[in-house]
1. For segment A:100-114, name all the residues that are of a type in the set (D, E, K, R) and without any contact (Cβ under 8 Å) to a residue 12 or more places away in the chain.
2. Give the residue, chosen from A:Val36, A:Val72, that is crowded, with 16+ Cβ neighbours inside 10 Å, under 30 Å from B:Ser460 (Cβ atoms) and more than 31 Å from the chain's Cα centre (by Cα).
3. Considering only segment A:184-275, give the strands (runs of 3 or more DSSP E) lying wholly within it that have at least 2 residues that are in contact (Cβ under 8 Å) with a residue 24 or more places away in the chain and under 30 Å from A:Asn98 (Cα atoms).
4. Please tell me if B:Asp56 is within 13 Å of chain A (Cβ to nearest Cβ), surrounded by fewer than 20 Cβ atoms within 10 Å (Cβ to Cβ), at pLDDT 90 or above and under 21 Å from B:Arg93 (Cβ atoms).
5. Taking the options A:Gly66, A:Gly85, A:Gly40, name whichever one is more than 30 Å from A:Leu128 (Cβ to Cβ) and either at pLDDT below 85 or out of contact with any Gly (no Cβ under 9 Å at 6 or more places or on another chain) (or both).
6. Looking at (1) of a type outside the set (Ser, Thr, Tyr); (2) part of a strand (DSSP E or B); (3) at pLDDT below 85, which one does B:Arg468 not meet, given that it meets all the others?
7. Report the residue count in segment B:278-304 for those that are small (Gly, Ala, Ser) and assigned to a strand (DSSP E or B).
8. Take the residues of segment B:396-408 that are more than 14 Å from chain A (Cβ to nearest Cβ) and surrounded by fewer than 18 Cβ atoms within 10 Å (Cβ to Cβ): which is nearest to B:Ala226 (Cα to Cα)?
Amino acid sequence: MIIARYGATWVSSYTFGTYQAADNWQAQLLPVTQQVGGAGGVFDFFGDEQYPPAPLSVTKAFTVRGSDYNDVDDEIDAARAWTLGYPSSYEPKLFAHNRGDGATAATRIYTPAKCIAFKANEMTGKYLTQRVEIKFYCPDGLWYGETEQLYDHTFSSGANTFTLTNAGNYPALVNVWITPYTTNMTSCKVENLTYGGGANPEWTFTGTVLPSVTLRVNACTYHCANGFVEAYADLTLGTGQIPWLWLWPGNNSIRVTANPTSYRVYAYWNDTYLK
Amino acid sequence: MSTHQQRFVADILDASGNIVGPGPLFEILSVEVTEELDRGGQVAIVTPATDERVIDWVATNRKLRVRVREGTMATFIVQNMDYVGSGKTPTLRISGPDLLGELLYLTTGYNRTYNNLDLRTAVVGTTATSTSLLGGTGWTQGTVENYGNVTIEYDAQTRLAALITLAEQLGRHIRQGSTEQTLDFGLFGSSSGCRITNVHHALLRQSSKEAKLAYVAQAQIGTISADIENRILPLGKSKFDMRDATNASANIKVRAGQGPLGATTLITANIGPGTNPIPVTAGTGTNFTVGEEIWIGVSATWTTAHEVATVQNVAANSITLTAGTAVAHSIGDNVLQRPQFYVEDTASQASYGVRENTAQFNWIGPIDATILADRQQAADMLYAAVNARLTRHSESYRSYILSQVVNLPYDLRVGEKVRLTYRGNVKAWGENVFFIDIDDEFYVIKITRKFAATGAETASVAVANVSRPTPNNTNLVLYNLDTLRWVGLS
């Protein structure tokens with residue numbers, strides 16, 4: 001995988017140099033353990049579950065080339081401005097893609113990142129090149145598909161099961177919006193029927209959603225609104241469930257059971273990767 | 001963005017307990033939940049100081065319900081929001097009492113009396129009526145023991161302090177029930193089935209969280225108290241005592257009360273009811289004083305036929321009473337001056353020697369001192385109270401604080417028993433002091449569960465060989481402040 005750009009969007013971002021480029025980073029899972037009473041070994045708080053991903057520390061290095069001193073300095077200044085000097089309010093990201101995929105939107109991935117160091121030391125004897133090393137800190141520890149995945153369908157009867165696919169290799173949180181058409185919606189349940197280890201996630205909304213008003217249950221931001229009214233009080237989760245709804249890697253069978261049975265389902269998520 | 005491995009969130013509730021806002025607090029750095037026997041608990045969470053949902057929705061007197069994957073961990077009243085400017089990571093520590101703190105919002109008012117009333121009626125009432133201690137609080141019955149009748153009077157205590165007082169005086173305990181806003185009241189002390197042990201090697205099987213088996217890293221000596229009481233002389237309100245108790249099996253004893261020993265003598269002839277004056281050992285009658293009370297009985301034991309009378313006149317060989325004797329007495333019966341009533345634990349005295357104490361129970365007294373039935377009910381209550389105190393104080397109090405306990409079952413409650421098996425050094429004053437080998441059952445007095453941002457969950461558990469709260473604890477503050485207010489010191 002090549003880390004290719006840094007910025008708010010792929011289009012509006014800085015493209016790293018490719019000459020003598022080197023990416024240095026390591027995906028890690030954080031062990032959560034504790035020694036017990038001077039005993040050998042440790043107690044594992046996660047038991048038979050995997051540990052959570054650690055934040056990423058990424059170092060991107062490449063060599064800047066120019067036709068003269070000024071040209072090299074200008075290149076370096078531009079790189080510094082796009083990285084270390086990047087306005088944080090633009091929510092910068094690192095963009096990457098697999099080497100064989102090319103840089104199409106459908107295959108690109110990103111992770112939220114902040115530039116924390118920029119190194120471009122002058123070296124005697126190097127006139128038209130200069131080595132640049134830029135460090136980034138990526139708090140999520142996960143990568144997301146750049147293209148948001150969408151599911152948009154209108155149902156007219158019964159409980160409805162459909163498939164949502166997480167093309168990544170790590171569970172992806174999924175936002176689900178439901179809009180009844182002609183009559184008040186008085187109950188609505190969304191479940192992921194695909195077994196991925198442990199209890200399957202589900203949520204149930206017990207409030208009343210008026211026709212043409214959209215119920216938004218955004219798992220990514222833990223935000224529930226009935227139209228524009230905060231409505232978390234009417235949301236019930238499965239036993240022992242903390243996140244609201246997620247997709248396991250691969251195909252997920254999602255069932256919506258609602259009253260009335262005529263409604264529109266709009267779901268969106270980002271494929272999620274541990275790279 | 002959060003992952004499916006997220007461990008805990010906190011729902012935001014208004015003062016009435018209704019969820020508000022768009023969703024829970026989910027950027028929580030750590031959680032600490034403390035539950036303590038006979039005390040209100042404390043809860044604290046730490047969030048980033050810049051978390052917008054906290055800023056927008058959390059305020060003092062709102063409530064936060066902390067949920068972990070295993071269920072609701074605690075709901076607490078936001079009382080403090082302290083910014084902690086720790087270098088690069090400014091955080092906000094949100095803390096307050098658990099829901100038992102709601103019972104501080106209402107008082108008993110003045111002169112609230114429960115006269116020979118069933119305990120459950122006094123605590124809960126039939127429908128949580130305003131006359132019960134939980135009335136009007138929104139709280140209902142969890143598990144309340146079928147104890148029998150109680151007699152007690154309250155004056156301007158908070159409901160929480162009133163409940164704690166009642167429990168303490170009956171030798172019972174209170175804690176929050178297994179569901180929110182329910183109260184457990186009873187003896188507790190049942191075995192939890194939980195074993196806390198230190199281990200020689202952390203095994204994979206242990207890591208997979210075997211239920212009911214917790215692992216302790218370090219034991220620390222909490223309190224080893226030589227504060228033993230095995231003879232207690234109780235006094236209720238206005239120096240009310242146990243003389244009118246009706247419980248025939250009561251372990252009440254009596255002794256002369258004036259001076260170091262008080263005057264005593266023996267009856268020298270068999271006498272019937274109504275005899276006056278009563279003959280006593282030659283030359284001893286004048287040791288008594290006109291107007292004082294005397295106790296007459298087969299021996300100095302309350303359970304035998306006895307009476308308390310007032311001296312009207314004295315002579316060398318006899319004592320005249322104001323109303324004659326009430327019951328028959330025999331040669332050799334004791335006459336004791338100014339009787340004092342007490343209970344004692346002779347087994348404890350054999351182990352530790354006599355440790356005497358007087359105890360004041362200000363909430364116990366006859367509702368109407370001129371009515372015998374009222375005096376009897378209050379005397380029985382006083383006996384129950386002092387017996388409870390004797391049970392809790394007649395042996396040396398040993399408590400241990402078990403720190404860095406992992407895999408502590410979520411359903412373990414204060415007041416229950418755990419089995420502690422521990423071989424190793426214990427700490428006191430921060431140092432390893434000696435090696436102990438414990439394999440015994442202990443009462444759980446206090447549990448503090450800590451949830452770290454990493455997902456690690458550890459606990460510290462205070463256990464004791466006697467089921468009573470550990471003294472010198474900061475969580476006493478709420479209760480103590482309440483008591484101070486009652487006696488007028490603040």
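The values are calculated or read from the model by the stated rules, or taken from the named source; none is laboratory data. Given the structure is predicted, the values throughout are model-derived calculations rather than measurements. So basically every Cβ, Gly included, is an ideal-geometry build from the backbone, and we count neighbours across all protein chains shown.
1. So the first thing to find is which residues in segment A:100-114 are of a type in the set (D, E, K, R), and the list is A:101, A:108, A:114.
Correct list: A:Asp101 only.
2. Details: A:Val72 fails: under 30 Å from B:Ser460 (Cβ atoms).
After applying the criteria, what remains is A:Val36.
3. Working: elements: A:187-192, A:202-205, A:215-218, A:223-226, A:235-237, A:250-259, A:263-269.
Strands (runs of 3 or more DSSP E) meeting the threshold: A:250-259, A:263-269.
4. On the way: within 13 Å of chain A (Cβ to nearest Cβ): yes; surrounded by fewer than 20 Cβ atoms within 10 Å (Cβ to Cβ): yes; at pLDDT 90 or above: yes; under 21 Å from B:Arg93 (Cβ atoms): yes.
Spelling it out, B:Asp56 is indeed within 13 Å of chain A (Cβ to nearest Cβ), surrounded by fewer than 20 Cβ atoms within 10 Å (Cβ to Cβ), at pLDDT 90 or above and under 21 Å from B:Arg93 (Cβ atoms).
5. Numbers: A:Gly66 fails: more than 30 Å from A:Leu128 (Cβ to Cβ); A:Gly85 fails: more than 30 Å from A:Leu128 (Cβ to Cβ).
Just a single option satisfies the conditions, and that option is A:Gly40.
6. (2)
7. Residues of segment B:278-304 small (Gly, Ala, Ser): B:282-283, B:285, B:291, B:297, B:299-300.
Right, trim to assigned to a strand (DSSP E or B) and you get B:297.
Here the count works out to 1.
8. If we take residues in segment B:396-408 being more than 14 Å from chain A (Cβ to nearest Cβ) and surrounded by fewer than 18 Cβ atoms within 10 Å (Cβ to Cβ), then B:Ser396 is nearest to B:Ala226 (Cα to Cα).
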